[in-house]
1. Could you please report the charge total around residue 75, scoring K, R as +1 and D, E as -1 over all other residues with beta-carbon less than 11 angstrom from its beta-carbon?
2. Please arrange 85, 95 by how many other C-beta atoms lie within 10 Å of their C-beta, fewest to most.
3. Cut-off is 10 Å between beta-carbons; in what order do 22, 189 appear when sorted fewest neighbours first?
4. Figure the gain on full extension for residue 62 and residue 166 (residue separation times 0.36 nm, minus the Cα-Cα span) and round it to one decimal in nm.
5. With contacts defined as alpha carbon pairs under 8 Å and 6 or more residues apart, what's the relative contact order of segment 7-128 in percent?
6. Under a crude label model (7 Å from the Cα following the beta-carbon direction), how far is residue 108 from residue 227 in nanometres?
7. Rank the residues 47, 60, 14 as a footprinting-exposure proxy: fewest other Cβ atoms within 10 Å of their Cβ go first.
8. For segment 70-75, what does the Karplus curve 6.51 cos²θ - 1.76 cosθ + 1.60, with θ = phi - 60°, yield as ³J(HN,Hα) per residue in whole Hz, taken in order and with x for Gly and Pro?
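What follows draws every value from the coordinates through simple rules; no lab data is involved. Keep in mind it's a predicted model, so treat the numbers as computed, not measured. Counting neighbours? That spans all protein chains shown, and the Cβs are built from the backbone with ideal geometry, glycine included.
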Amino acid sequence: MKTEGIRLLMIEDDAVIREVTTLGLSRLGYRVEGVEDGLEGLERLRDLQATDPVDAVLLDVMLPTMNGTQVCRALRAFSNVPVIMVSARGDGIDMVNGLDAGADDYLSKPFDLQVLDARLRAVLRRTRDLAPPVAKTQEEPTPPSEDRLDIDPHRLIVTLDGQEVHLTPTEMRILLILAQDPGDVVSRTEILTEVWGNCWDSDHRVIDVHVQRLRRKIGAARVETVRGFGYRLHG
């Protein structure tokens, strides 16, 4: 994927990290704008939505005014822009909280610029090319206890009982993978490879968090956990 012209918003309060990362990404062809405050970053993203939308957000966890988790939850109310959360703390709590807030990926500091570039290209690929050949689930019988779920893989629209369901790019990608063969089990490893490519560190918890969010949006009974294997989509 060519990076020239790809617009990034980096919300990072550490001036050194912000400047070094901005310089490195700019040399790779990205257009990077940096802000140091959580609330400022949220307002800047909102302003850019109508004029010069960003392609992805790099979001630090520890920020003044609003922390990264709060920013991510707030931006998901008006944007599906891909978000990569960044934290100096490597514990699983930060990762789970960030993903549960709506982030698409997570990276621990200090990070290698090439790894960040790979993660960015991966998240942008799945945002721009979300539609593999997929069987529409409206052709499958819907469990009577659930509302009707329809997936249009070409327009990337999901509706539940006629109401559109707003999914993040990663949630949409996972749903499309599961919907290719409804009823068949898809392994966590297969989902990791399809969605994140080879740049992820094989931590399957990231999938579990995204699936948990997906269940809340389309109905818990629709995505079954097959213990020790992966997930299966019903209807």
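1. Here the count lands on +3.
2. Sorted ascending by nearby Cβ count, the order is 95, 85.
3. 189, 22
4. Full-extension gain reported as 34.7 nm.
5. 23 percent.
6. Once both label points are built, they end up 2.9 nm from each other.
7. By the 10 Å Cβ count, ascending: 47, 14, 60.
8. Whole-Hz 3J(HN,Hα) from phi for segment 70-75: 5, 4, 4, 4, 5, 5.
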